[in-house]
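Below is one structure; the comments refer to it alone.
What follows draws every value from the coordinates through simple rules; no lab data is involved. It should be emphasised that the depicted structure is a prediction, and the values quoted were computed from it without experimental measurement. Reconstructed Cβ throughout: ideal geometry from the backbone, glycine too, with neighbour counts over all protein chains shown.
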Amino acid sequence: MMNIRSDFGAVTMKPRFFRCLVLLTGACLFGQTAFGGVIYDESISGDLSNSGLTPTLLPFLPGINQLFGTTGRTTAVDRDYFTFTVPTGFVLSSIILAPGTQTSGPLGDSFIGLEAGPQVTVSPTATDATGLLGWFHYDAGDIGTNILPLMGTAGQGATGFVPPLPAGTYSFWVQELSPGLVPYGFDIVVAPEPGTWTLLLGGAALLWVFRGRTHGIMKE
């Protein structure tokens, strides 16, 4: 998909503190399960699938799931495809570009695309993004940024979406368009549905009040 590029003229703010905020909020709400950990590292587990029709199935957990890989092209193009399921009661809330991510092109030639379902059926030689929910060209300047909203507004035939994405199966396509091999990493956040967040926060508040009253009784 060499000619799919972002043509947006609007300036998007990129809060570098967002990753830390997600980590802290997740830790408060999920406790020890907030950090799903490294669910795949190509340097350890081998190359992700190079076929969109048979993407690598990843076991995502509620919380922050880290994915590390390498993509690019030398004599051949190394495309990475993976898929996972967001369980019922949860949403795909964020995809944060992790530290250490690099690109070989000067204009953000690293590509990530998203399709609903267990496959990426869009051909890499397609002339537009029809069939994808969304896509984005990222670069090292996006490290620490939640790129999921940017993927949802990319256009050029993509359906488009407004995060968070609901429970269901999603498949991803990662590719470097310029020559060279580059590492990338994503912190992919699977969070409770918005209504569940309210319940969790309300429960935490009640526990805080109860704890305070208990401590007051004990002091008396």
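The table below gives the values:
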{"quantity": "Net charge contributed by nearby residues that have their C-beta within less than 13 Å of T70 (K/R +1, D/E -1)", "calculated": "-4"}
{"quantity": "Value in Å of the Kirkwood radius, where the range 18-194 supplies the Cα pairs that are averaged", "calculated": "16.1 Å"}
{"quantity": "Packing-based exposure ordering (other Cβ within 10 Å, fewest first) of W135, W173", "calculated": "W173, W135"}
{"quantity": "HN-Hα J in Hz across the range 156-165 - Karplus 6.51, -1.76, 1.60, θ = phi - 60°, x for Gly and Pro", "calculated": "6, x, 5, 5, x, 6, 10, x, x, 8"}
{"quantity": "Local electrostatic count, L48, Cβ distance below 13 Å [Lys/Arg +1, Asp/Glu -1]", "calculated": "-4"}
{"quantity": "For S94, residues with placed amide H under 5 Å, excluding near neighbours", "calculated": "V189"}
{"quantity": "Sites T54 and A167 - FRET efficiency at Förster radius 22 Å, r taken between beta-carbons, to 0.05", "calculated": "0.45"}
